[in-house]
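Read-outs throughout are calculated quantities, based only on the coordinates presented, and are distinct from any laboratory measurement. As the structure is a computational prediction, the values presented were derived from the model and not from experiment. Every residue, glycine as well, gets a Cβ built from its backbone with ideal geometry; the counts of neighbours run over all protein chains shown.
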Amino acid sequence: MPKPRVLSGMRPTGKLHLGHLVGALDNWKQLQEDYDCFFFAADWHALTTEYQDTEIIQESIRDMMIDWLTVGLSPEKSVLFIQSRIKEHAELHLLLSMITPVPWLERVPSFKEQQRELTNRDLSTYGFLGYPLLQTADIIIYKAHKVPVGVDQVPHVELSREVARRFNFLYRPVFPEPDPLLTEVPKLLGIDGRKMSKSYDNAIFISDPPEEVRRKTSVMFTDPNRIKKSDPGNPDICNVFSFHKVYSSPETVSRVNRECRAATLGCVEDKRQLAETLVSYLAPIQEVRARYLKDPRLVEEILEEGCQRARRVAAQTMEEVRAAMKI
Ligand code: TRP
């Protein structure tokens, strides 16, 4: 029995931070063991919102790929590639656009939400409306069974099920209907207590040097009700404690929990300890990172090989699609 196929993509919009790691990459890394995995940089997707400022996208692809490799995505276990190098995604997107009713796209929740939120650019474009359909093409062109995503992306995977079903009904069964693979992820907020995001300037990056990790950790928000060190703290509402739960040993977690509540461990010292834990967690990752940075050819070779493997699968699917549609 061949392993079921997993596919996921990430927009290249800058260096990766710890939120990406716990939110997606740690999970992808695990999936490599049991599935036939395809992971790619969704650079065309990035264009749907960053069309005015496109340089950042190309730079980010390499940065992001190096981050992927350093945290343990492996070219031996997974196919790692770049969306824009596989033109078949664009062809399938076009063909699917012929059979997809516009209201299916207009009712995807992220469409109205992002138009409302990203007010500094014009998102009334054709490409932005079609973005979830491009995502459908990304997924079904590899006949993926499972798509690991965060909750915000589930409606997109559902659209891909509907479109796959419609294609199979109109022509002939070519595509499996993909399922979202929702993963329970620990919640790590940014250093200011909001969602960790590059654009909020509150992220701890995988590539941050030790002094930067220490500086950022030292200004992290803790339990807002704990004003003096002698006030007992509540770890349940403390973001620093959430970090401990992900990165510290179980013994440290229970000690911090106890000492914070007893007001024997102050926030400053607690954050100092967390910073050292993060620094040692990142050290081996950054060592590997430095090796890849020194050898850009190696990264390019890995990507070239990944793109070739992806292209073979995509091209095969497109043959079936053209035959099914008689074109
Ligand atoms: N839309 C996803 C995001 O913004 C990225 C993405 C593009 C994706 N194509 C995909 C995710 C296919 C999963 C499967 O995060």
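Residue by residue, segment 23-38 carries 3J(HN,Hα) couplings of x, 9, 5, 4, 6, 4, 4, 5, 4, 3, 6, 10, 10, 8, 9, 10 Hz when phi is fed to the Karplus relation 6.51 cos²θ - 1.76 cosθ + 1.60 (θ = phi - 60°); x denotes Gly or Pro. In terms of distances greater than 25 angstrom between alpha carbons, the cross-link table entries 77/216; 29/112; 245/271; 87/187; 112/198 yield 77/216; 29/112; 87/187. Under a Gaussian network description of the chain, with springs only between Cα atoms under 10 Å, the residue in 153, 115, 52 that fluctuates furthest is 52.
The three principal axes of the Cα atoms in segment 134-237 give end-to-end lengths of 70, 30, 18 Å, sorted in falling order. With 0.36 nm allotted per residue and the present C-alpha distance subtracted, the residue 227-residue 162 stretch has 18.1 nm of extension available. Each listed q (0.19, 0.27 Å⁻¹) maps to a log10 I(q)/I(0) for segment 151-200 from the Debye sum over equal C-alpha point scatterers, namely -0.71, -0.98. Once both labels are positioned 7 Å from their Cα atoms along Cα-to-Cβ, the gap between residue 1 and residue 194 label points is 4.7 nm. Taking other C-beta atoms within 10 angstrom as a stand-in for reagent exposure, 95, 133 fall in the order 95, 133, fewest first.
Of 235, 224, 280, whose Cα points farthest to the positive end of the dipole of segment 208-289 (charges on the beta-carbon: +1 Lys, Arg; -1 Asp, Glu; origin at the Cα centre)? So the residue we want is 224. Across all Cα pairs in the chain, the calculated P(r) in 20 Å bins from zero up to the longest distance comes to 29, 53, 17, 1 percent per bin. I want the antiparallel fraction of DSSP beta bridges within the chain, as a percent rounded to 5. Of those bridges, close to 10 percent are antiparallel.
Taking only the alpha carbons of segment 273-327, we obtain Rg and Dmax values of 20.6, 64 Å in that order. Placing unit charges on the Cβ atoms only, positive for Lys and Arg and negative for Asp and Glu, gives segment 127-166 a dipole magnitude near 220 debye about its Cα centre. Here the scattering of segment 87-152 is modelled by Debye summation over its C-alpha atoms, one equal scatterer each and no solvent; at q = 0.12, 0.18, 0.26 Å⁻¹ the log10 of I(q)/I(0) is -0.35, -0.76, -1.21. In the chain, the calculated helix contribution to ellipticity at 222 nm averages -17000 deg cm²/dmol per residue, counting -39,500 (n - 2.57) for every DSSP H run with n ≥ 4. Cβ crowding within 10 Å ranks 28, 104 as 104, 28, fewest other Cβ atoms first. Within the listed set 12, 224, 235, the Gaussian network model of the chain (springs between alpha-carbon atoms below 10 Å) gives the highest mean-square fluctuation for 224. Note on segment 208-289: Cα Rg divided by 2.2 N^0.38 Å, N the number of residues, gives 1.10.
Of the DSSP H helices in the chain, those that are both long (alpha-carbon extent of 20 Å or more along the helix axis) and hydrophobic (Kyte-Doolittle mean at least -0.5) are 55-71, 126-140, 154-170, 267-294, 296-325. A Gaussian network model of the chain, with springs between Cα atoms under 10 Å, assigns the largest mean-square fluctuation among 217, 277, 125 to 125.
Per-residue Karplus couplings for segment 6-11, computed as 6.51 cos²θ - 1.76 cosθ + 1.60 with θ equal to phi - 60°, are listed in order as 10, 9, 8, x, 9, 6 Hz, Gly and Pro entered as x. In loop segments of segment 226-312 as defined by DSSP, the trypsin sites (Lys or Arg not before Pro) with at most 15 further C-beta atoms inside 10 Å of their C-beta are 228, 229. Computing FRET efficiency as 1/(1 + (r/R0)^6) for residue 272 and residue 126, where r is the C-beta to C-beta distance and R0 is 41 Å, gives about 0.20. A full extension of the chain between residue 291 and residue 184 corresponds to an added length of 35.3 nm, given 0.36 nm per residue minus the alpha carbon distance.
Most tightly packed first, judged by the mean number of other beta-carbon atoms within 10 Å of their residues, the peptides 17-27, 183-193 read 17-27, 183-193.
Taking a ≥ b ≥ c as the square roots of the Cα gyration tensor eigenvalues, segment 66-121 comes out oblate, since a/c reaches at least 1.5 and a/b does not exceed b/c.
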